[in-house]
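Values quoted throughout were computed directly from the atomic coordinates according to the rules given, and no laboratory measurement underlies them. Since the structure is predicted, the reported quantities are computational estimates derived from the model, not experimental observations. FYI the Cβ positions are ideal-geometry reconstructions off the backbone, even for glycines, and counts take in every protein chain you see.
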């Protein structure tokens, strides 16, 4: 009985932590997206889009992968961010993994990452 209660408490904590992490990433992405394109020049936005495309390709994704990216130029920070999202349903049977990674597209620095697991019932 104690083991079951411990397992339930652990799952509740992990669920809470995952929800909090998702909210933080959404806040970051919305903040970046809201700053585009109000003050940014079309030239800088274009450079950001091109660099994001290259960064995505260099990461090794292929058309067969369940992956996509979004670019965001932030004129206040004068930075280009790229958000990767990939889904993997093959690695672990019965589990669908979704990864979201936010990078500085020019520096290659990972700003934030999250990995979500969805299990079949």
Going out from 0 in 5 Å bins, what whole percent of all Cα-Cα distances in segment 60-121 drops into each bin?
-> 4, 17, 22, 20, 16, 10, 7, 3, 1, 0
From fewest to most C-beta neighbours within 10 Å, the residues 69, 103 line up as 69, 103
Chain lengthening between residue 59 and residue 106 when straightened (0.36 nm per residue, less Cα-Cα) | 15.6 nm
Linear extension gain, residue 18 paired with residue 77, 0.36 nm per residue minus alpha-carbon span | 18.4 nm
Arranged by the count of other C-beta atoms within 10 angstrom, fewest first, what order do 65, 104, 71 take?
-> 65, 104, 71
